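Working notes for the structure below.
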Ligand SMILES: [Zn+2]
């Protein structure tokens, strides 16, 4: 168990660091008004309409940083703050989510792969605890450990595919924000800082999942001999 903590600690620290960085960047730039005066919802609407996605709804959801694009509903959801605020952070996040809608429209291969992996990954995440419990109860640890290695291979692969999807959505967001004149040159830096900080949390998730995979891989290998 100590070895487990030792292996997991770097992932945990990177995760905390990424979260702190996001809260700092978001906290700072949600206080900076955007010169265009557009709210997050209005900025997303402009980007979507410009791409011909006039029918794609932009809706408000409760929660903080609960913003997401739902490919199954073909709808964009913005947290209350980002929906209503006319700040650099709100417009940046809203444009990022609109970037996912643009990926979907363009049938961007990595987004399609990620969508296909969602149900598999969800099943793997649920299966993890069940396998671990079953392995302990039935004294079948070597087999259970290899099953967990398979589970974390799937989860790690999912996080790996998520990274380019997230970075690409931010790249599309920045391109549209400047092309459509929704943010000014002087605001470029703030938008980039918010989006980079958000992307870092996905890097942290990948690192943490890779470390977990490595831990179970070494545990499975040593349990055999
Ligand atoms: Zn995203």
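Listed values, structure above:
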read-out: Meets criteria (closer than 21 Å to residue 196 by Cβ, modelled with pLDDT under 95, surrounded by 15 or more Cβ atoms within 10 Å (Cβ to Cβ) and under 17 Å from the mean Cα position of the chain (by Cα)) for residue 18; value: yes
read-out: Helices (runs of 4 or more DSSP H) fully within segment 1-114 counting 2 or more residues that are under 30 Å from residue 216 (Cβ atoms); value: 2-29
read-out: Sole residue being touching a helix residue (DSSP H, G or I) at 6+ places or on another chain (Cβ under 7 Å) and over 22 Å from residue 191 (Cα atoms), chosen from 56, 5; value: 56
read-out: Residues of segment 71-96 classified as at pLDDT 95 or above, within 15 Å of the ligand (Cβ to nearest atom) and surrounded by fewer than 18 Cβ atoms within 10 Å (Cβ to Cβ), total; value: 1
read-out: Residue in segment 100-111 that is in contact with a strand residue (DSSP E or B) (Cβ under 7 Å, 6 or more places away or on another chain) and modelled with pLDDT of 95 or more present; value: yes
read-out: Any hit, segment 22-33, residues being surrounded by fewer than 16 Cβ atoms within 10 Å (Cβ to Cβ) and within 29 Å of residue 105 (Cα to Cα); value: no
read-out: Filtered residue count, segment 151-195, keeping only those that are within 11 Å of the chain's Cα centre (by Cα) and not in a helix (DSSP H, G or I); value: 0
read-out: Top-ranked residue in segment 97-126 [being crowded, with 16+ Cβ neighbours inside 10 Å and within 27 Å of residue 215 (Cα to Cα); ranked as nearest to the ligand (Cβ to nearest atom)]; value: 114
read-out: Complete set of residues in segment 50-67 that are surrounded by 13 or more Cβ atoms within 10 Å (Cβ to Cβ) and over 14 Å from residue 100 (Cα atoms); value: 50, 60, 61, 65, 66
read-out: Of all residues in segment 177-193 being crowded, with 22+ Cβ neighbours inside 10 Å and more than 23 Å from residue 110 (Cα to Cα), the one that is nearest to the ligand (Cβ to nearest atom); value: 191
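Here is a yes/no grid of residues against (1) at pLDDT 95 or above; (2) closer than 12 Å to residue 213 by Cα; (3) crowded, with 18+ Cβ neighbours inside 10 Å; (4) more than 14 Å from the ligand (Cβ to nearest atom):
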position	(1), (2), (3), (4)
140	no, no, no, yes
160	yes, no, no, yes
167	yes, no, no, no
175	yes, no, no, yes
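The values are calculated or read from the model by the stated rules, or taken from the named source; none is laboratory data. Computed from a prediction, not measured in an experiment: that's the story for all the values here. Ideal geometry is used to build each Cβ from the backbone, glycine not excepted, and the neighbour counts take in all protein chains shown.
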